[in-house]
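Chemist: Got a structure here, written out as C-alpha cells. Questions coming.
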Amino acid sequence: MRAVVFERHGDPAEVLRLVTLPEPRPAPGEVRVRVLARPVNPSDLLFVRGEYGRRGDFRELETSEGPLRAASAGFEGAGVVDALGPGVPGAYLGAHVAVAADGTWREYVTAPARDVYRTGGVPLRAAAQLTVNPFTAALLLDRPALGPGRTLLLTAGASAVARMLVHMATARRVRCLAVVRRAAAASAVEALGAVPLVVDAPGALPRMVREATGGHGADAALDAVAGAPGADVLRSVRPGGRVVVYGMLAGGPVPVPAEELVFRGLRVEGFWLPAALGELDAAARGELTRRVLAEVTGGLPGLEVEAAYGLERFGEALVHAVRPGRSGKVLLTTG
C-alpha cells in the first residue's frame, strides 16, 4: 500500500515522502479500514513539524525500497472496513466509517473498533472530516457553557471550526462575535448568524468588542490564534470571563498580564482534543458521537471541500492547504 511518511520532524514540504508498505493486519479488537479520503488539517502539519502535543512515533518500516525508520502522517479519514481482528463483531465488516487513528495518510489503517464511527448516509467527503473539527467544536462549546443571551468571541472566525461553533452556538441562542481579516469573510460568517469583526490592526479588537456589547465585553472567548494577538482577546472579555485557547495559528506564547488574572478574574485554559476525548467514558463518547452525527446530517457548515488530490499528489495538496482565502478543506483521496 502507499503511505505518506516522514523520517524527521520539519517543514512538511521537505520531509514528507511517499513509500510503499505491506498492508497491515488488524490485532485483537481492531478493524482495518481501506481509507478513501482524508483531510489536510492544521494539526497534521503541526505534528509533522514537531510542534504538536506529541512527537512522531518513529519506527522501522519495511518499504518496497528497504527498511526505513519513519513516522506516519494524518489523524483522521473515512473509508470502508475490510478486515476484522479477533473479537470484533462481524457487523463491522463492510461498514462505511470515519476513523480517528495515527497514519491515515495511507491506503489502509488499523484502529481499535471503538475509534471508528459508522457514518451511514453521510457523504464520504464530510465523513472524512468527522472526528477532528466537529468533535472539537462540540466539546469546545461545552467549556464556557454559555446560556441564551450571552456573547461568545471567536477568533479565526472564518475557519471551519469557528463556522461550526457559530452554527451550534446560535442554536443555543448565544450571540457570536467572529473575528475575521477580510471583508469577504465577514459576509460569510454574517450569513451564519455571527456578528463579524474585521480586525486589521493590533489593539483594535477590544474596542470593537466593547462597541458590539454595549461596553460589557464578551462573556467568553474561544481562541484559535494565540500568540501576540492573544493579549487583545484577553482584553476583550468581561471581568470574570473565560478564555479557551485551542489553536496556535499565530505561533509564539500568549502574553497574559498578571493584572488580567488578579484584578479582572479571567480564567484562561487550553484545549486539546485528544486529552478532552480521553476524559470521556464510553457513554459520554457515544453521546458526543450521536450529537456530532446529527449536526453533520443536519447540514453543519464548515465541511465544504475546495479540492481533492490523489495521495500521490500530496505535495500539491500541502501547497493548496496553506493558501490564504480558501473556501473549503483540501482532501487526499485514494480509489
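Values in this text are rule-based calculations from the coordinates and carry no lab data. Here the structure is a predicted model, which is why all the values come from computation and not from measurement. Cβ placement follows ideal geometry from the backbone for every residue including glycine, while neighbour counts extend to all protein chains displayed.
Chemist: Quick check on the chain: helices-only [θ] at 222 nm, where DSSP H runs of length 4 and up contribute -39,500 (n - 2.57) each and the sum goes over total residues. Nearest 500, please.
Modeler: Value at 222 nm, helices only, nearest 500: -8000 deg cm²/dmol.
Chemist: Same structure, new question: Which entry in [x] 23.6; [y] 17.0; [z] 20.3 is this structure's computed mean projected area of the Cα convex hull in nm²?
Modeler: [y]
Chemist: Find, to one decimal place in angstroms, the Kirkwood hydrodynamic radius of region 134-275, where the mean of 1/r is taken over every pair of different Cα atoms and then inverted.
Modeler: After inverting the mean inverse Cα-Cα distance, the result is 14.7 Å.
Chemist: So if R0 is 41 Å, what FRET efficiency would E190 and R54 give, r being the distance between their Cβ atoms, rounded to the nearest 0.05?
Modeler: That pair, E190 with R54, gives E of 0.60.
Chemist: Further question: Quick one: which residues, 5 or more positions from G310 or on another chain, have an amide H under 5 Å from its amide H? H modelled 1.01 Å from N in the peptide plane, none for Pro or chain starts.
Modeler: Amide H neighbours of G310, under 5 Å, 5+ apart: T333.
Chemist: If r is the Cβ-Cβ distance from R172 to A283 and R0 is 22 Å, what FRET efficiency results, to the nearest 0.05?
Modeler: Efficiency for this residue pair is about 0.50.
Chemist: Let me ask you something else. So who's got an amide H within less than 5 Å of the one on V237, skipping anything under 5 residues away but keeping other chains? H placed 1.01 Å off N, in plane.
Modeler: Correct list: A218.
Chemist: Only Lys, Arg, Asp and Glu count, each charged at its Cβ (+1, +1, -1, -1), so figure out the dipole size of the chain about its Cα centre, rounded to 20 debye.
Modeler: That gives a dipole near 760 debye.
Chemist: Under a 5 Å amide H to amide H cut-off, with H placed in plane at 1.01 Å, what residues pair with L36 once short-range neighbours are removed?
Modeler: A78, G79, V80
Chemist: How far is the Cα center of region 193-207 from the Cα center of region 286-309, in Å?
Modeler: Between the Cα centres of region 193-207 and region 286-309 lies a distance of 28 Å.
Chemist: Helix 160-171 sits at what angle to the longest principal axis of the chain, using alpha carbons and giving 0 to 90 degrees rounded to 10?
Modeler: Once rounded, one gets 60 degrees.
Chemist: Can I ask one more? Considering only C-alpha atoms, what is the centroid distance from region 237-281 to region 16-83, in Å?
Modeler: Here the two parts' Cα centres lie 31 Å apart.
Chemist: Continuing with the same structure: Could you put Y52, Y246 in order, starting from the residue whose Cβ has the fewest other Cβ atoms within 10 Å?
Modeler: Going from least to most buried by this count: Y52, Y246.
Chemist: Could you work out how much longer the chain between V198 and V256 gets when fully extended? Use 0.36 nm per residue separation minus the Cα distance between them, nm to one decimal.
Modeler: 18.5 nm
Chemist: What are the trypsin sites (Lys or Arg not before Pro) within region 32-123 that DSSP puts in a loop, where the Cβ has at most 14 other Cβ atoms within 10 Å?
Modeler: Those that pass, being in a loop and sparsely packed, are R54, R55.
Chemist: Normalised by the residues of region 134-275, what does the relative contact order come to in percent, with Cα pairs under 8 Å and at least six apart?
Modeler: Here the relative contact order equals 20 percent.
Chemist: Given a cut-off of under 8 Å on Cα pairs at least six residues apart, what relative contact order in percent is computed for region 206-332?
Modeler: 17
Chemist: Related question: Please work out whether region 242-322 counts as rounded, prolate or oblate from its C-alpha gyration tensor, where a ≥ b ≥ c are the square roots of the eigenvalues and a/c under 1.5 means rounded, while otherwise a/b larger than b/c means prolate and anything else oblate?
Modeler: Oblate shape, in that a/c is at least 1.5 and b/c is the bigger or equal ratio.
Chemist: Do you know the relative contact order of the chain, to the nearest whole percent, from alpha carbon pairs under 8 angstrom that are 6+ apart?
Modeler: Averaging sequence separation for qualifying contacts and normalising by length gives 15 percent for the chain.
Chemist: State the answer as a single residue: which of L280, V80, C176 lies farthest towards the positive end of the charge dipole of the chain, with beta carbon charges of +1 for Lys and Arg and -1 for Asp and Glu, about the Cα centre.
Modeler: C176
Chemist: Roughly speaking, what is the stretch gain from T20 to R143, that is 0.36 nm per residue apart minus the C-alpha to C-alpha distance, in nm to one decimal?
Modeler: Extending this stretch completely gives an extra 40.0 nm.
Chemist: Between beta-carbons, use under 13 Å as the cut-off and find the net charge around A138, counting Lys and Arg +1, Asp and Glu -1.
Modeler: Net local charge, A138 excluded: +2.
Chemist: For a label point 7 angstrom out from the Cα of A275 toward its Cβ, which stretches of region 38-59 have the backbone nitrogen within less than 20 Å?
Modeler: Counting only backbone N, you get 42-57.
Chemist: At R182 and L249, where each label point lies 7 Å from the Cα along Cα→Cβ, what is the point-to-point distance in nanometres?
Modeler: 1.2
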